[in-house]
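Scroll down for the structure; my scribbles are underneath it.
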Amino acid sequence: MEHILLRHRDIPNINQLDVYMQHGGFEAFKKVVTTMKPEEVVEEVFKSGLRGRGGAGFPTGLKWRFIDKNNSPRYVVANADESEPGTFKDREIMEGNPFQFFEGVMICAYAVGANAAYNYMRGEFWELAYVLDARIADMEKAGLLGENLFGTDFSLRIYNHLGAGAYICGEETALLESLEGKLGQPRLRPPFPPSFGLYGKPTIVNNVETLANVPKIIENGWEWYKSIGTDKSPGPKIFSLSGNVEKPGNYELPLGSTFRELIYEHGGGITGGRAIKAIMPAGASSAIIVANDKALDTPMDYEQVQNVGSLLGSASIIVMDETVSMDWLVQKTLHFFEHESCGKCTPCREGTYWMTHLVDDFVDGGAGVEKVELLYDVARQIEGKCLCALGEFSIQAVLTGIERFPDDWKEKTLKSEAPVTA
Amino acid sequence: MNTFLDKYNDEIQSILAKYPEDQKRSAVMPLLYLAQREKMYVSEKDMGEIGEVLGLDSTEVGSIVGFYTLYYDKADGRTRIQVCTDLPCALRGADAFAAGICERLGIKLGETTPDGKVTVEGVMCLAACDKAPMFQVQNGDGLSYHENQTVESAMELIEKLK
Ligand SMILES: Cc1cc2nc3c(=O)[nH]c(=O)nc-3n(C[C@H](O)[C@H](O)[C@H](O)COP(=O)(O)O)c2cc1C
Ligand code: SF4
Ligand code: FES
């Protein structure tokens, strides 16, 4: 199947402006600016059923409808923070097919009446940011960005902005704080960004992959888009596949493809022909799925992954084979969340600290199972008490790792072995 | 006198131009990267001068330096080798890879070589999980990725950087 998002895999050099334009690039942008009303663009995207690819799956057109038209200036902010362990799709889009992403940003800006857009990238995308600065300059030179585009009164500028190493800045309100030059800590919500966003002005925050879908929706129409994927989760999705598989990488498949197809047909199966044990479908933030036949045959879309007790999230599919012990895994995820907690609220800040100590004691220190019981209790106490979803994410692996894999938490006399990785 | 402003005036002006005139504060992160360029950390003096440019208190600038992991307020190794040891990479041998590099350099993870040139540390996911083992190199000039590495290939590069 031809790629809709990862088009650089079919078309060499599509990351060059002339090549992108030879393949229909910016036709959709030109079409909306010169022939469509902003509201018509919003309705087209709404009808396509596109849902946010950043994790929450919120309907994109609905978010755009919420923009406060009575306040200005308005902004579009692309979320290119991509820091969830196991997620590496936005980076590939921005490297391989950057203009399609930027065209999505531009169509969104027109639809909500924004004249400035920021692309907030994680600081580690430093080299990429310089390349994208040059791409933006190319678009300015070609008259695709700037004043009075296509002879209309619509003007638009895009700016790249680098973060500096903080997972929490992927959370949209923390991202906005960070972009304002403050500590990247989440805001209390409501109000939500479409009414109170960057500098307190109406702002649309969308994920890179979400925006990359938009030009294709305009080009081919919402009916076409809706015919891909499942009824409630339409469209293509990039699945980032990592862990103990033969061929890790990004795979663009229709939403609703099964775990089995992804892992065995595309990913080449488990490394060394070992047996599969567990799957985390949403990166380190996932509830861990026991990889039995029922789970493997589950279609990956926003609804059906819930049937096996987890969430699709950003579709960062981490696969664990039979040699991986869940106590070791939970130690890894807790170290991540303890490091990334922004410290704004006590249950998350203190909770991730204590959970990390408890799991360290058990895994490295030879402490007894009573530490595991305590770990479980602390996780339960954090539940539902945090200001943002990070706190909630931090307990997913703990709770499900203990509940669903009880054998991995037996009393041990020796230090846990790291899994076989060769 | 503001030596930071004098030294980087053109770059500072083009950074400020990206943000609305009454929202200069947004430039604090790019300016911190600029201050870090030559010596790989931000000094108290830099913080004060950046504050002056943006109309911020130097303690506010300091709190930004403290919050984000890619800024440093003291001199360690001029070059940081940041090996991703997060879950997906660890499933593909990242811990052993990091230990291998450290052994060759005669240091522990998180330490700096005795000549003060290289610090090796374990870091969280860098969005390159399918290309483990991998690390990034951070020095004053910025960051670069090195993917699908072996201890051998990494050591070769580290020797060149030293
Ligand atoms: C802790 C945390 C981290 C997040 N990280 C990201 C991220 O790296 N990229 C992203 O697009 N969304 C991330 N999100 C989701 C954003 O808050 C937001 O929902 C998203 O950018 C909206 O865009 P979408 O509707 O296009 O998905 C994160 C959320 C939380 C709570
Ligand atoms: S839940 Fe954690 S990350 Fe979120 S605001 Fe509270 S302390 Fe910060
Ligand atoms: S876990 Fe190492 S790059 Fe993602």
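The values are calculated or read from the model by the stated rules, or taken from the named source; none is laboratory data. Note that the structure is a prediction, hence the values are computed from the model and not measured. Virtual Cβ from ideal backbone geometry, glycine too; neighbours counted across all protein chains shown. Only protein heavy atoms, including side chains, enter the accessible area calculation; ligands, DNA and RNA are left aside. Shrake-Rupley method; radii C 1.70, N 1.55, O 1.52, S 1.80 Å.
Below, the figures for the structure above:
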read-out: Conditions (1) more than 13 Å from chain A (Cβ to nearest Cβ); (2) touching a helix residue (DSSP H, G or I) at 6+ places or on another chain (Cβ under 6 Å); (3) hydroxyl-bearing (Ser, Thr, Tyr): number failed by B:Thr112; value: (2)
read-out: Some residue of segment A:89-104 being over 30 Å from A:His335 (Cβ atoms) and open to solvent by 30 Å² or more (accessible area, probe 1.4 Å); value: no
read-out: Lone qualifier among A:Val330, A:Val324 - being in contact with a helix residue (DSSP H, G or I) (Cβ under 7 Å, 6 or more places away or on another chain) and either away from ligand 1 (no atom under 16 Å from the Cβ) or touching a residue at least 24 places away in the same chain (Cβ under 8 Å) (or both); value: A:Val330
read-out: Contacts under 7 angstrom Cβ, first residue in segment B:67-96 being within 14 Å of A:Thr333 (Cβ to Cβ), partner within 16 Å of ligand 2 (Cβ to nearest atom) and open to solvent by 10 Å² or more (accessible area, probe 1.4 Å), 6 or more apart; value: B:Asp86/B:Met124
read-out: So B:Leu87, is it within 11 Å of chain A (Cβ to nearest Cβ) and open to solvent by less than 20 Å² (accessible area, probe 1.4 Å); value: yes
read-out: Given (1) within 16 Å of ligand 3 (Cβ to nearest atom); (2) surrounded by fewer than 20 Cβ atoms within 10 Å (Cβ to Cβ), index of the condition B:Cys125 fails; value: (2)
read-out: Hey, A:Ser83 in a loop (DSSP other than H, G, I, E, B) and either within 16 Å of ligand 2 (Cβ to nearest atom) or touching a Cys at 6+ places or on another chain (Cβ under 7 Å) (or both) or not; value: yes
read-out: Matching option when the condition is of a type in the set (S, T, N, Q), in contact (Cβ under 8 Å) with a residue 40 or more places away in the chain and open to solvent by 20 Å² or more (accessible area, probe 1.4 Å), among A:Gln396, A:Gln381; value: A:Gln396
read-out: Which listed residue, of A:Met106, A:Met121, A:Met139, is more than 14 Å from every other protein chain (Cβ to nearest Cβ) and either within 16 Å of ligand 2 (Cβ to nearest atom) or within 24 Å of the chain's Cα centre (by Cα) (or both); value: A:Met106
read-out: Residue match in segment A:34-45 (condition: touching an Asp or Glu at 6+ places or on another chain (Cβ under 8 Å), touching a residue at least 12 places away in the same chain (Cβ under 8 Å) and in a helix (DSSP H, G or I)); value: no
read-out: The lone exception for B:Val61 - which of (1) away from chain A (no Cβ under 11 Å); (2) touching a helix residue (DSSP H, G or I) at 6+ places or on another chain (Cβ under 7 Å) it fails; value: (1)
read-out: Odd one out for A:Glu84, checked against (1) open to solvent by 40 Å² or more (accessible area, probe 1.4 Å); (2) within 14 Å of another protein chain (Cβ to nearest Cβ); value: (1)
read-out: Qualifying positions in segment A:148-170 - closer than 28 Å to A:Phe58 by Cα, more than 7 Å from every other protein chain (Cβ to nearest Cβ) and open to solvent by 40 Å² or more (accessible area, probe 1.4 Å); value: A:Arg157
read-out: Of all residues in segment A:142-169 being closer than 16 Å to A:Asp81 by Cα and among the hydrophobic types (A, V, I, L, M, F, W, C), the one that is nearest to ligand 2 (Cβ to nearest atom); value: A:Ile168
read-out: Unique residue being in a loop (DSSP other than H, G, I, E, B) and at pLDDT 95 or above when the list is B:Val53, B:Val28, B:Val42; value: B:Val42
read-out: Conditions (1) open to solvent by less than 10 Å² (accessible area, probe 1.4 Å); (2) in contact with a Cys (Cβ under 8 Å, 6 or more places away or on another chain); (3) farther than 30 Å from A:Glu44 by Cβ; number of the one not met by A:Met320; value: (2)
read-out: Subset of segment B:95-115 [of a type outside the set (S, T, N, Q), out of contact with any Phe, Trp or Tyr (no Cβ under 9 Å at 6 or more places or on another chain) and open to solvent by less than 30 Å² (accessible area, probe 1.4 Å)]; value: B:Gly100, B:Cys102, B:Leu105, B:Ile107
